[in-house]
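Some notes on the structure that comes next.
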Amino acid sequence: MMAAMTTDRTKQNHRLARIAVIGMAWSFPWSLLGMQILAILGALASLPGLFSTWKRNGLVFLDGAVILYLFTATLSMIPAMGLGFDALRQSAIWTLIAYLPFRLAGESAGREPAFRWGWLGVACLTGLYGFLQYFWGQDWVRPGASAMYPAPADPLRFAVIGLFNRHHTFGISCGMSLAVLTTLLLSGKTGNESRREKEKTKRKRGKIFNTVFQRNHVPLFLLLPSFVAFVLTQSRAAWLGLLAAGLAGFGTRLWKRRSWALANVPLCALAVVVMLFVLEPGVGLRLSDLLGTDGERDRVMIGEVSRMLQDGRPIGGWGYGRFYSQAAVLFEQAAPQVKIRSGTHNDFTAMVTDGGLLLGAAWTIVLLTFFRTAFHLRRDPAGRAAGLGGVVFLVAGLTHNLLSDGEISLFFWALTGWLASLDAGYRERRMGDGSRIPGHSQASSSK
């Protein structure tokens with residue numbers, strides 16, 4: 001009787017976590033508040049089920065890496081309690097709770113149509129809003145707020161911010177969504193796998209019409225508004241991140257001798273970018289002037305201030321999220337001309353400054369485990385999608401503090417939990433009946 005009640009409670013927890021996962025996916029392109037609320041509710045619903053799962057099946061590598069990171073970040077705060085306190089940045093660690101609902105229910109929720117199509121619909125609408133925001137220069141949803149972020153490149157009127165507060169946050173969020181959704185849509189998982197495989201064998205390779213205009217690729221065009229808004233954000237970090245994800249994704253397709261015809265998809269995207277450069281010369285100017293702006297020179301000086309702090313406490317750091325409060329005096333002494341002093345503008349540098357070599361090593365382990373798991377699951381479209389979203393995050397994080405941006409850090413930890421859920425499911429099936437990764441057929445494994 002007790003066992004039956006426990007099973008029913010576990011199923012209910014899993015159902016609630018799955019709802020939270022789908023709701024968070026719908027919130028990624030536009031709502032920080034939605035992500036926060038659903039992450040909290042999903043975490044509360046997930047904990048009992050996760051404890052039961054971990055007790056029954058043990059931890060996967062990503063679980064261990066995330067626990068190590070959380071422990072090290074918390075440990076770094078203890079000796080720094082008497083130092084200056086920055087509630088906003090120190091509390092950024094809480095976004096890690098997005099890992100929990102995706103860890104429990106990410107695999108099952110990610111294969112539901114509502115997850116993919118709802119996310120696609122919201123991304124399309126958000127992209128349309130961003131384009132209209134740029135075209136008319138108004139923010140109808142928040143009439144009391146500033147209409148748009150001032151354009152970094154003068155020829156371009158505005159840098160679109162969507163429903164977020166900064167152009168780079170909106171741009172990186174769009175880039176991560178584009179990487180994930182494009183991968184899921186290209187996989188063509190329609191529920192009729194045998195028919196899809198038959199149609200794939202009949203397809204002529206190298207034909208743009210046959211590749212792009214297939215029935216299961218038509219929804220890709222719903223991502224065009226999001227892609228246009230992504231370009232108009234003028235976030236170079238986001239542009240480079242999505243470019244890196246595209247190259248990584250195409251590389252994994254070729255790794256196992258996938259169709260060369262898929263090259264036409266990034267070529268079409270490149271054509272759209274070139275067209276936008278022609279129509280708006282400010283976009284091209286923004287990309288070509290990578291190192292000549294005041295912002296880039298400021299980043300170099302911020303790096304020098306960060307290294308000065310690291311020399312003071314190289315092992316344990318100054319405490320998670322304390323760079324802003326501890327660097328204030330050094331900025332006045334060494335770099336008074338720097339205006340934006342809110343962070344190190346690099347996630348790894350922030351980890352080493354805040355938590356010393358210990359937290360830097362823990363963060364490196366998280367990233368290495370993340371991409372090791374993604375590569376291991378590259379045959380699964382969901383695993384490949386989460387991994388490519390992580391590529392956008394990694395590259396964009398070279399010039400921004402994304403872990404302290406709730407819109408992006410919630411997104412990243414959700415992708416991390418999704419990968420861990422997929423890895424746990426694969427391991428459980430392999431130990432149970434020897435089945436392979438979804439999409440990894442016996443024929444393809446013999447190649």
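The values are calculated or read from the model by the stated rules, or taken from the named source; none is laboratory data. None of these values were measured; they are calculated from a predicted model. Every residue, glycine among them, receives a Cβ derived from its backbone with ideal geometry; neighbour counts consider all protein chains shown. The accessibility values were calculated without ligands, DNA or RNA, using every heavy atom of the protein model including side chains. Shrake-Rupley method; radii C 1.70, N 1.55, O 1.52, S 1.80 Å.
Worth a mention:
- Filter result for residue 68 (at pLDDT 95 or above and farther than 18 Å from residue 411 by Cα): yes
- Of the listed requirements (1) aliphatic (A, V, I, L, M); (2) open to solvent by 50 Å² or more (accessible area, probe 1.4 Å); (3) within 30 Å of residue 426 (Cβ to Cβ), residue 315 misses just one: (3).
- Filtering 364, 349 for residues that are without any contact (Cβ under 8 Å) to a residue 60 or more places away in the chain and open to solvent by 40 Å² or more (accessible area, probe 1.4 Å) leaves a single hit, 364.
- Considering segment 34-73, the residues that are touching a Ser or Thr at 6+ places or on another chain (Cβ under 8 Å) and among the aliphatic types (A, V, I, L, M) include one that is surrounded by the fewest Cβ atoms within 10 Å (Cβ to Cβ), namely 60.
Each row is one residue, and each column tells you yes or no for (1) at positive phi; (2) at pLDDT 95 or above; (3) β-branched (Val, Ile, Thr).
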{"residue": "334", "(1), (2), (3)": "no, no, no"}
{"residue": "355", "(1), (2), (3)": "no, no, no"}
{"residue": "365", "(1), (2), (3)": "no, yes, yes"}
{"residue": "379", "(1), (2), (3)": "no, no, no"}
{"residue": "411", "(1), (2), (3)": "no, yes, no"}
{"residue": "428", "(1), (2), (3)": "no, no, no"}
{"residue": "444", "(1), (2), (3)": "no, no, no"}
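- Only one of 76, 108 that is part of a helix (DSSP H, G or I), open to solvent by less than 70 Å² (accessible area, probe 1.4 Å), among the hydroxyl-bearing types (Ser, Thr, Tyr) and modelled with pLDDT under 90: 76
- When the test is whether a residue is surrounded by 16 or more Cβ atoms within 10 Å (Cβ to Cβ) and at pLDDT 70 or above, residue 305 passes it.
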